Amino acid sequence: MSDKRTEISDLGEFGLIEHLTKPFTMHHSSSMLGVGDDAAVIDIGGDDALVVSTDLLTEGIHFNLMYMPLKHLGYKSVAVNVSDICAMNATPTQITVSISVSNRFPLEALEELYEGIRLACDHYKVDLVGGDTSSSYSGLGISITAIGTVKKDKISYRSGAKEYDLLVVTGDLGAAYMGLQVLEREKEVFRANPNVQPELDGHDYIIERQLKPEARKDIIGFLAELDVVPTSMIDISDGLASEVLHLCKASNVGCHVYDEKIPVDAKTAMTAIDFNLDPNTCALNGGEDYELLFTIKQDDFDKIKGNPHMTVIGHITNAQDGIYYIDKNGSAITLRAQGWKHFDAE
Ligand code: ADP
Ligand code: MG
């Protein structure tokens, strides 16, 4: 290491990952895909591939224990990893769980955390097969690695979208972000006066979407039943805009996303308006929905048409045509991401 000092914020999260991993070369032809997708893909011989993904959740950055019960945190830590496995069109099978924990936490707290992890393992049918445990000076950290399997000819990479493909999202967007806004507001009210009870009534749906997100493993099943293999796929962890840009960049294509097509639940929209926010901006830039964004061939449209879990929000164009958001007036605006950027300067 030289005396030179470069701030990590100068590179941003993705610049940092690219900078650190660029010098590496692969030693095994079984490493079908390394850094750059929702999960790595490993050839295990025959028709099947293994997919592997890791996520790290840090107290104060990814969760706040003031309003996130530990049981929910355990559940969410598993769900976000399962989501990355699903984003490859794979079925999750095993996880390992590593924790670093300060002496602020008694055994009972960790039991609660693991109760949530166990509930998620049962729900998603994944097996806990190992992990690591360490003490920490500051708070709690949880790192989960998830493994899954997929037939090689069914893998959906971020890089497979082609011109004229349809762009599809699952479920509805922006709810987790609005849930977080309500929780943050009540936290401030509580800080000012600890005797005031939180006003969470009527916000059950969006708060649940924030505290107990579900990975769309069900979609992987539906797609198999419908005999649709997405030409590309990514999970929506950082907001729709950011994920559309990742997908288009990886596939070297452009796209049109239509404002009027973006699925936002009525409760999300009402809360957004209460907060003086545009509901679709929350869907575009809010994070942590853990829905899936994928592309399909036009020929597959009839198979998903009318499916209550899937909405066509746009189509793929040539890279030269650019990446556009078509607003309510029909004007094309260049799509930009303002999602979570952990290392960006404020
Ligand atoms: P996701 O949002 O789907 O979890 P990330 O944006 O965290 O994915 O990561 C993008 C890619 O970079 C993934 O392939 C991931 O494995 C890889 N990656 C992230 N951090 C590191 C790191 N510190 N070292 C090596 N690879 C990393
Ligand atoms: Mg992902």
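The values are calculated or read from the model by the stated rules, or taken from the named source; none is laboratory data. Note that the coordinates shown come from a computational prediction; the quantities given were computed from them, not determined experimentally. Every residue, glycine as well, gets a Cβ built from its backbone with ideal geometry; the counts of neighbours run over all protein chains shown.
Here are some notes:
- Restricting the first member to the range 108-134 and to residues that are at positive phi, and the second to residues that are modelled with pLDDT of 95 or more and of a type outside the set (Ser, Thr, Tyr), the beta-carbon pairs closer than 6 Å and six or more apart or on different chains are 131/97.
- Restricted to the range 232-285, the set of helices (runs of 4 or more DSSP H) holding at least 1 residues that are within 16 Å of ligand 2 (Cβ to nearest atom) and either closer than 19 Å to residue 160 by Cβ or in contact (Cβ under 8 Å) with a residue 24 or more places away in the chain (or both) comprises 240-251.
- Of all the residues in the range 242-269, those that are more than 21 Å from residue 219 (Cβ to Cβ), touching a helix residue (DSSP H, G or I) at 6+ places or on another chain (Cβ under 6 Å) and either buried (at least 23 other Cβ atoms within 10 Å of the Cβ) or of a type in the set (A, V, I, L, M) (or both) number 2.
- Residue within the range 70-83 that is among the basic types (Lys, Arg) and either surrounded by 14 or more Cβ atoms within 10 Å (Cβ to Cβ) or within 17 Å of residue 145 (Cα to Cα) (or both) present: yes
- Single residue of 126, 150 found to be farther than 23 Å from residue 69 by Cβ and of a type in the set (A, V, I, L, M, F, W, C): 150
- Residues in the range 59-85 that are closer than 24 Å to residue 221 by Cα and charged (D, E, K, R) were compared, and the one that is nearest to ligand 1 (Cβ to nearest atom) is 84.
- Any hit, the range 171-190, residues being in contact with a strand residue (DSSP E or B) (Cβ under 6 Å, 6 or more places away or on another chain) and either in contact (Cβ under 8 Å) with a residue 24 or more places away in the chain or buried (at least 22 other Cβ atoms within 10 Å of the Cβ) (or both): yes
- Scanning the range 265-281 for residues that are modelled with pLDDT of 95 or more, under 21 Å from residue 243 (Cα atoms) and either under 17 Å from the mean Cα position of the chain (by Cα) or among the polar types (S, T, N, Q) (or both) returns a single hit, 268.
Results for (1) among the hydroxyl-bearing types (Ser, Thr, Tyr); (2) more than 20 Å from residue 176 (Cα to Cα), shown as yes or no for each residue.
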{"position": "34", "(1), (2)": "no, yes"}
{"position": "42", "(1), (2)": "no, yes"}
{"position": "45", "(1), (2)": "no, yes"}
{"position": "62", "(1), (2)": "no, no"}
{"position": "67", "(1), (2)": "yes, no"}
{"position": "89", "(1), (2)": "no, yes"}
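- Residue check, residue 214 surrounded by fewer than 15 Cβ atoms within 10 Å (Cβ to Cβ) and outside any helix (DSSP H, G or I): no
- In the range 220-259, residue farthest from ligand 1 (Cβ to nearest atom) [restricted to those that are modelled with pLDDT of 95 or more and in contact with an Asp or Glu (Cβ under 7 Å, 6 or more places away or on another chain)]: 259
- Yes/no for residue 53 being under 22 Å from residue 291 (Cα atoms), within 13 Å of ligand 2 (Cβ to nearest atom) and within 15 Å of the chain's Cα centre (by Cα): yes
- If you go through the range 111-150 and pick out every residue that is over 19 Å from residue 61 (Cα atoms) and in a helix (DSSP H, G or I), you end up with 13.
- When residue 30 is tested against (1) in contact with a Gly (Cβ under 9 Å, 6 or more places away or on another chain); (2) closer than 30 Å to residue 152 by Cβ; (3) within 16 Å of ligand 2 (Cβ to nearest atom), just one condition goes unmet, and that condition is (3).
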